[in-house]
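Before any comments, here is the structure.
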2 protein chains.
Amino acid sequence: MQEVDTIISGGRILTSDEADSIIHDGSIAIDGNTVAGVGTSEEIEAQFLGRRIIGARDCLVMPGLINGHTHAAMTCFRGLADDMELMDWLNNYIFPAEARNVDPELAYWGSALACAEMIQSGTTTFCDMYLFEDETAQVARQAGMRCLLGEVIFDFPSPSTKTPEEGLAYTRMLIEKWTDDPLVNIVVEPHALYTCSPAVIKKAKALADEYNLPFAIHLLENRGEAQQLEERFGMKATRFLQEMGCLDERFIAFHCVCMDEEDMKIFADHGCKVVHNPESNMKLASGIAPVAGMLEHGIVVGLGTDGCASNNNLDMFDEMGTAARLAKVERLDPTVLPAKTVTGMATRDGARVLGMGDSVGSLKRGMRADIIMIDLNKPHLTPLYDEYSHIVYAAGGSDVKTVIIDGRIVMEDRQLLTIDEDDVMARVREIAERVKKSLEA
Amino acid sequence: MQEVDTIISGGRILTSDEADSIIHDGSIAIDGNTVAGVGTSEEIEAQFLGRRIIGARDCLVMPGLINGHTHAAMTCFRGLADDMELMDWLNNYIFPAEARNVDPELAYWGSALACAEMIQSGTTTFCDMYLFEDETAQVARQAGMRCLLGEVIFDFPSPSTKTPEEGLAYTRMLIEKWTDDPLVNIVVEPHALYTCSPAVIKKAKALADEYNLPFAIHLLENRGEAQQLEERFGMKATRFLQEMGCLDERFIAFHCVCMDEEDMKIFADHGCKVVHNPESNMKLASGIAPVAGMLEHGIVVGLGTDGCASNNNLDMFDEMGTAARLAKVERLDPTVLPAKTVTGMATRDGARVLGMGDSVGSLKRGMRADIIMIDLNKPHLTPLYDEYSHIVYAAGGSDVKTVIIDGRIVMEDRQLLTIDEDDVMARVREIAERVKKSLEA
């Protein structure tokens with residue numbers, strides 16, 4: 001009989017393991033930050049003695065969701081401007097709002113609000129790209145969230161760094177500061193091929209290689225970008241990245257809306273990863289990423305919300321539903337991206353995209369204990385014929401009841417335990433007043 | 001000083017009136033089933049004395065949402081089968097499940113579950129088409145929901161009626177039974193042009209005309225249907241309906257995915273109404289309805305969830321977000337279907353589609369008091385720059401706190417007051433067991 005910290009007892013367990021096992025009356029033993037055992041309640045009771053028991057009656061217990069791409073601090077700009085031409089939106093709202101307001105304080109409180117929202121909607125790991133990411137790292141640490149984050153690198157000055165060299169230096173600082181942290185992981189993140197010169201891209205890739213870290217970039221988000229890059233490089237952007245030596249298993253591309261068969265083949269050949277952001281792509285009228293095609297090519301695809309300026313929330317359940325439906329209407333084929341596949345994209349495959357496939361994204365012995373419990377005892381989740389169907393097509397973030405990350409309970413019965421949400425909301429409301437005034441000027 | 005039953009006090013009021021007025025510190029006086037006044041809190045306090053005060057601090061107060069097309073009792077089949085070819089899904093799951101299980105009991109409890117879910121997600125009026133609709137009418141009456149419902153009419157036998165004549169007789173019974181009911185309204189609903197002969201369509205239209213009622217039908221849901229009808233009639237389906245004398249301001253078409261410019265012109269010329277069901281159309285891979293084009297033609301378009309077999313929930317907030325995003329990616333234009341327009345589709349225009357524009361869909365003096373209160377004090381609704389943006393792009397049904405229909409509080413602080421949700425869920429779970437077994441045979 002092994003004594004463990006916690007047993008989640010008597011729930012319906014969706015493991016998201018390779019066999020997609022579901023255990024109808026199951027339990028999970030957690031010791032420290034690790035899953036000590038997953039099995040039927042009978043098996044777990046026979047093997048483990050829990051110092052604390054969390055009852056999971058009427059709950060679906062599954063791996064925490066993995067938001068593969070966001071800009072956490074941009075919660076401060078949620079709903080600031082919508083329904084506009086991209087250049088109007090960027091040049092008259094988002095860019096000036098950022099230039100006049102983004103500082104470490106905004107980065108801190110915006111990220112805190114994002115962490116509150118993400119935990120409340122069942123996300124346990126997020127991949128972030130923005131400014132002053134050391135603030136985001138500190139917030140995530142305090143909130144107890146797992147993350148992979150990087151300072152965005154541009155050719156031009158940002159509120160955080162004056163030159164791309166400063167951006168690279170900031171990234172190196174992050175790497176050295178957060179090495180060996182159990183929750184915070186670092187990624188090297190040049191913004192895009194249209195905002196970073198090839199020389200900067202190469203330096204960024206060299207930095208990622210030096211530390212064996214992932215390298216992530218916005219890529220082929222819309223037709224305008226794809227055409228511009230092809231004209232500038234005299235070849236497809238994917239081919240150009242390949243020739244620069246950027247493409248490998250640690251290469252993560254955000255969006256990839258405008259990918260053709262050749263692009264997908266290049267990505268598949270190099271083991272590159274993709275994060276699909278369907279709601280943002282729709283709202284900005286970027287287009288529909290050919291996700292069904294990517295999966296046919298064997299590319300590992302995760303899901304992301306993108307930032308709150310273009311989504312406008314961080315609910316991965318919404319994103320799963322939209323991903324599943326959008327792929328069907330793109331192909332006019334209702335069989336593509338079935339619910340089980342999409343659940344995998346938000347869990348197991350999402351973890352593989354971020355290079356964390358060995359530690360999170362599925363529930364099995366030895367994995368980190370990142371676990372969410374969904375309250376199934378609700379009208380809109382009744383009756384229950386199929387768990388995956390409910391996750392993707394019926395549930396929402398507000399159905400998440402309890403969240404455990406790295407073995408620590410961060411939300412219990414909808415109460416956040418690591419974030420003072422009232423304080424965070426008050427701070428962000430103050431920042432928003434400042435943002436509003438800055439645009440009136 | 002006028003004494004009234006209730007004052008909703010001190011909230012942010014989104015009226016959805018013709019001017020799209022928003023009142024930042026506003027109140028609403030309700031007397032009986034009617035809005036007695038809407039204005040600033042100061043104005044309302046000076047004019048009215050409320051026997052009951054509902055505080056609306058931190059709340060957005062708006063008209064209840066109007067679900068323009070659903071099949072309420074199909075909650076019993078939620079998630080029974082997804083991600084399949086249409087004919088596989090219909091012939092091997094939905095049709096046999098219906099043939100073997102749909103009876104008045106299923107219609108009653110399935111509709112009760114739908115009402116619980118709809119109230120919890122802010123819907124106050126729904127338009128329903130299914131079998132044994134007298135059960136649905138009774139449930140809606142008990143739940144205190146406003147509805148427009150009709151028995152589905154087919155050429156062939158259904159679990160409810162053996163012939164189209166029986167379907168018409170059932171409809172006439174509904175009309176006579178529910179005349180003058182304050183909540184239940186009746187519509188004549190032949191299923192579709194591919195399941196009803198022209199003779200039946202004409203009889204149905206004559207019945208609608210006899211009582212001056214709306215006439216509603218599934219129309220042009222996918223390319224297969226559009227082609228089949230054009231071949232059969234030797235002309236476009238819209239033209240055929242026009243020649244049969246069906247098209248007028250009381251004509252409501254569900255779906256209209258495959259509409260071209262000529263179809264839209266015909267609809268606009270006759271004042272026909274459309275209900276757009278984007279999530280169902282995506283999930284069934286039907287296609288993308290040209291909603292932006294319909295609006296340009298001046299057609300009044302509402303929003304619907306369709307039934308739970310193809311959605312799989314009844315959350316109109318989800319539907320608004322999807323409608324706004326889908327139109328943008330269809331046109332590759334981020335300016336179409338802005339949030340304010342989409343909010344209108346789910347409120348004011350939705351009411352006009354159902355022929356209820358004079359009584360519900362906006363908050364102003366003399367309208368029926370169908371009102372929802374949304375709790376804004378949540379991380380994912382912070383900060384607040386624009387109310388419409390939050391409704392369409394950030395909020396979900398679970399943010400609805402209190403619901404009033406026809407002046408009666410049916411949900412308060414998320415507690416349903418007119419439905420025993422635990423009992424309803426238990427009944428539907430029993431029915432689902434029966435459904436599952438019926439398909440194993």
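Taken together, the values in this text are just the output of simple stated rules run on the coordinates, not laboratory data. Nothing here was measured: the structure is a model prediction, and the numbers come from that model. Backbone-built Cβ (ideal geometry, glycine too); neighbour counts: all protein chains shown.
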How do A:156-163, A:35-42 rank on mean C-beta neighbours within 10 Å, highest first?
-> A:35-42, A:156-163
Among B:Tyr93, B:Ala19, B:Ser41 the positive-end extreme of the charge dipole of the range B:1-155 (Cβ point charges) | B:Ser41
Rounded to 5, the percent of DSSP beta bridges in the protein assembly as shown classed as antiparallel = 40
Residues of A:83-89, mean number of Cβ from any other protein chain within 10 Å of their own Cβ, rounded to a whole number?
-> 4
Can you give the FRET efficiency for A:Arg239 and A:Arg100, using 1/(1 + (r/R0)^6), R0 = 30 Å, r = Cβ-Cβ distance, to the nearest 0.05?
-> 0.20
Would you mind working out the magnitude of the charge dipole of chain B relative to its Cα centre, with +1 at each Lys and Arg C-beta and -1 at each Asp and Glu C-beta, to the nearest 20 Debye?
-> 0
Using a 10 Å cut-off on Cβ atoms, rank the peptides B:303-316, A:12-25, A:179-192 from the highest mean neighbour count down.
-> B:303-316, A:179-192, A:12-25
Can you list, shortest first in nanometers, how far A:Tyr211 lies from the same residue in the other copies, with each label 7 Å from Cα toward Cβ?
-> 7.1
Partner shielding of A:330-342, taken as the mean number of other chain Cβ atoms within 10 Å, equals 4
Where Rh denotes the Kirkwood radius from the mean inverse Cα pair distance, what is Rg over Rh for chain A?
-> 0.96
Step through the residues of the range A:173-180 one at a time and calculate ³J(HN,Hα) from phi using the Karplus curve (6.51 cos²θ - 1.76 cosθ + 1.60, θ = phi - 60°), rounding each to whole Hz and writing x for Gly and Pro.
-> 4, 4, 4, 6, 5, 9, 3, 6
Relative contact order in percent for chain B (Cα pairs under 8 Å, 6+ apart) equals 21
Beta carbons within 10 angstrom, averaged per residue: use that to sort the peptides A:343-352, B:418-427, highest first.
-> A:343-352, B:418-427
Identify the residue of chain A whose Cβ lies closest to the rotation axis that maps chain A onto chain B, and give that distance in whole Å.
-> A:Ser398, 2
Taking B:Lys177 as the anchor, which aspartates and glutamates have their alpha carbon closer than 15 Å to its alpha carbon, excluding any fewer than eight residues away along the same chain?
-> B:Glu133, B:Asp134, B:Glu135, B:Glu151
About its Cα centre, the range B:77-226 carries a charge dipole, from +1 on Lys and Arg Cβ atoms and -1 on Asp and Glu Cβ atoms, whose size in debye to the nearest 20 is 260
Sketch the reach of a paramagnetic label on A:Glu296 as a point 7 Å from Cα along Cα-to-Cβ, and name the residues of the range A:216-258 whose backbone nitrogen lies under 19 Å away.
-> A:256-258
Which value, in debye to the nearest 20, gives the size of the charge dipole of the protein assembly as shown about its Cα centre, when Lys and Arg are +1 and Asp and Glu are -1 at the Cβ?
-> 0
In peptide B:279-286, what is the residue-averaged number of other protein chain Cβ atoms found within 10 Å of each Cβ?
-> 6
Cα gyration tensor category, rounded, prolate or oblate, for the range A:283-441 with a/c compared to 1.5 = oblate
